[in-house]
1. Please enumerate the residues belonging to the range A:67-76 that are in contact (Cβ under 8 Å) with a residue 24 or more places away in the chain and either in a loop (DSSP other than H, G, I, E, B) or within 14 Å of chain B (Cβ to nearest Cβ) (or both).
2. Out of (1) farther than 22 Å from residue B:71 by Cα; (2) among the aliphatic types (A, V, I, L, M); (3) in contact with a His (Cβ under 9 Å, 6 or more places away or on another chain), what's the single condition that is false for residue A:179?
3. Return the only residue of B:356, B:349 being out of contact with any Pro (no Cβ under 7 Å at 6 or more places or on another chain) and surrounded by fewer than 18 Cβ atoms within 10 Å (Cβ to Cβ).
4. Under the condition of being touching a Leu at 6+ places or on another chain (Cβ under 9 Å), within 14 Å of another protein chain (Cβ to nearest Cβ) and among the small types (Gly, Ala, Ser), which residue from the range A:148-174 is farthest from residue B:346 (Cα to Cα)?
5. Which residues, taken from the range B:2-31, are facing chain A (nearest Cβ under 7 Å) and either surrounded by 18 or more Cβ atoms within 10 Å (Cβ to Cβ) or in contact (Cβ under 8 Å) with a residue 60 or more places away in the chain (or both)?
6. Being within 14 Å of chain A (Cβ to nearest Cβ) and either in contact with a Ser or Thr (Cβ under 9 Å, 6 or more places away or on another chain) or over 26 Å from residue B:133 (Cα atoms) (or both) narrows it down to one of B:304, B:345, B:322, B:334, so name that one.
7. Report, ordered by the first and then the second residue, all pairs with beta carbons closer than 6 Å, sequence separation of six or more or different chains, a first member in the range B:263-289 that is assigned by TED's automatic domain parsing to the domain that holds residue B:219 and closer than 9 Å to residue B:331 by Cβ, and a second member that is of a type in the set (Phe, Trp, Tyr) and in a helix (DSSP H, G or I).
8. For residues that are farther than 25 Å from residue A:124 by Cβ and not polar (S, T, N, Q), tally how many sit in the range A:157-198.
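The values are calculated or read from the model by the stated rules, or taken from the named source; none is laboratory data. What you are looking at is a predicted structure, and each value in this text was computed from that prediction instead of being measured. Neighbour counts run over all protein chains shown; Cβ positions are idealised from the backbone, glycine included.
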Amino acid sequence: MAATAHSDDYVIEIEGLWTRFGDFVVHRGVDLKVRAGEILALVGGSGSGKTTLLRQMLGLETPHQGSVRVFGQRLDTADTVALRALRNRWGVLFQEGALYSALPVFDNIALPLRELKCFDEALIRDIVHLKLAMVGIEARHAAKMPADLSGGMVKRIALARALALEPELVFLDEPTAGLDPDRSDSFVALIRSLHRELKLTVVMVTHDLDTLFELTTCVAVLADQKVIANAPVREVIAIPHPFIKTFFLGERAQRAIEVIRDYPFVV
Amino acid sequence: MPISDSDPRLDVAHAAGAAAVALRGCWNVQGLSDGAGGARARRRIAALRGALTDCAADASARWDLTRVEALDHVGALMLWQAWGGRRPAHLEMREQHRQLFDNLAAIVHAPAAAARRDLLAPVAAVGAEMLRFLEHLTGFVRLLGQLSLDLARFAARPQAGPWREISANVYRAGAQALGITALVGFLIGIVLSYLSAKQLKQFGADVFIVDLLGVAIIRELGPVLAAILVAGRSGSAMTASLGVMRVTEELDALTVMGIPHGFRLIMPKVLALAVALPLLILWTDAVSLLGGMVAAKIQLDLSIAFFFDALPAAVKIENLWIGLAKGAVFGALIALVSCHFGLRIEPNTESLGRGTTSAVVSSITVVILADAVFAIAFSNVGI
């Protein structure tokens with residue numbers, strides 16, 4: 001049983017991945033590797049297939065060619081038992097939170113724990129309250145329905161749900177989209193502290209340059225249907241590619257770089 | 001299954017009078033749940049908790065967490081609960097695990113809701129149901145009032161009316177329902193004719209099959225059959241589409257653009273169904289009678305030509321007008337009830353499902369109620 005993370009291993013390995021929508025080729029031989037403990041951001045222009053790639057890493061879509069391995073396991077050939085065990089090792093934060101609207105906050109977070117059918121309610125109750133405290137949600141909100149919450153709270157609770165099974169790997173789809181700058185700062189700080197505490201590997205899709213500069217250890221750039229760079233953000237900026245130039249060195253980006261805080265990030 | 005190294009377990013040793021408890025294996029969700037959970041993992045966790053509680057009962061026990069392979073919040077919480085919410089006197093652990101217990105110490109529980117038994121709860125439930133019904137009723141009356149205003153506005157300036165919406169709804173609710181109403185109508189016609197023919201044959205009253213089929217289908221079965229099909233088909237679609245527009249804030253977008261949704265969404269649906277349903281009824285009547293004719297031809301050897309000859313004499317024309325009038329009323333009612341439920345949907349998936357179900361059930365009930373009213377009001381017309 002593989003219950004521990006091997007710190008030197010690659011958590012995600014993508015090799016020679018092709019994706020086509022009809023005649024339109026989205027990915028032309030994408031290679032990408034993510035090491036344990038990294039915070040990787042996937043960037044790219046609109047329609048460059050970031051979300052598709054993320055969905056392929058989650059096994060929600062199958063590439064036309066090439067392989068995606070998560071924790072050394074090929075997603076397309078894994079049997080249901082292996083896939084189920086694999087899915088208990090990762091957590092996903094969807095862009096809109098994807099909280100189950102029919103369940104109150106407490107049950108949303110308790111659901112993955114209850115699905116394991118091996119923890120008793122007293123334990124689950126404490127775990128849920130712990131997760132709520134970790135994402136900074138007060139216990140009195142536990143009985144509310146998702147429809148009664150603000151966007152920022154939905155994101156935090158969705159993160160608490162993603163972390164319910166203490167995953168080693170967390171996927172974040174646009175974690176700061178739709179949050180005000182203050183909220184998005186605190187969300188970034190939250191992910192950073194959780195990463196430090198729980199030794200998470202984080203893979204995220206983001207457009208937010210502040211998030212990129214402050215949080216990531218690695219940036220993978222999707223352009224020309226390939227991953228053209230996968231390196232720390234300072235090295236990526238130096239690459240002379242038109243997309244990288246406009247994305248990182250445009251006017252907006254310059255303002256972000258000016259305020260970049262030198263964060264001594266150690267994994 | 002053999003015990004593997006990563007299985008969570010306790011090593012208890014008794015040395016120098018005090019118990020030494022050492023945790024081994026993976027005390028994390030993965031290790032405790034054995035990857036995918038299940039009954040075996042549940043039994044193992046129960047056994048571990050029992051063992052932990054036993055060890056914790058001994059206050060002088062020495063706890064050694066340094067040789068644990070993995071420990072996360074869930075494993076730590078099991079220890080924490082066994083310890084009764086505080087660290088034991090003798091505890092050794094790795095630096096990296098301290099944070100876990102610090103986090104656990106910070107858990108705040110919501111004050112448990114007072115679970116009082118309320119003896120009056122059934123009475124209150126009846127009252128709440130009553131109030132909910134009244135609220136539905138007032139909502140429906142308001143919708144009716146809005147519709148009257150919208151109709152007046154439409155009548156005043158018909159050229160500015162929502163003609164495209166009306167036509168689209170007539171196509172969707174009417175033209176696209178031709179197939180299903182024909183199929184159901186034809187089969188009902190055959191069944192009715194076949195069963196009545198057997199009875200009539202016993203009395204030698206074969207020719208009265210024309211009267212029986214004509215009156216039953218044109219006055220009663222055709223309208224009700226078509227209305228029920230349309231309620232299930234278009235009523236649910238109307239509720240769901242309005243509900244989704246509410247969820248995605250499209251209704252609000254219309255309002256802020258100054259486009260009243262009563263005039264542009266609801267009135268077109270009501271008018272379209274009031275027009276389309278009588279036409280569908282005409283069609284259902286015709287196909288049902290055709291089915292009846294075919295069955296009569298086979299069962300009683302009654303020629304089709306005779307059927308056509310006898311029908312106008314057997315069924316007075318008033319019956320057809322009553323049937324069509326019913327269609328217009330049923331159509332308007334189905335659209336109104338569906339819109340009423342559609343506008344009340346809250347932004348969550350459960351409400352959408354519940355609203356759609358209520359809309360279909362209520363519109364069918366309302367159709368049958370209205371049918372009863374028609375039956376009483378026109379009891380001496382046409383028969």
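1. Filtering the range A:67-76 for residues in contact (Cβ under 8 Å) with a residue 24 or more places away in the chain gives A:67-72.
A:71, A:72 - these are the residues of the range A:67-76 that are in contact (Cβ under 8 Å) with a residue 24 or more places away in the chain and either in a loop (DSSP other than H, G, I, E, B) or within 14 Å of chain B (Cβ to nearest Cβ) (or both).
2. (3)
3. B:349
4. A:164
5. Quick first cut of the range B:2-31, residues facing chain A (nearest Cβ under 7 Å) only: B:4, B:6, B:26, B:28-31.
B:6, B:26, B:28, B:29, B:30, B:31, listed by residue number.
6. Sole residue among the options that is within 14 Å of chain A (Cβ to nearest Cβ) and either in contact with a Ser or Thr (Cβ under 9 Å, 6 or more places away or on another chain) or over 26 Å from residue B:133 (Cα atoms) (or both): B:345.
7. Listed by first residue and then by second, the contacts come to B:277/B:330.
8. 16
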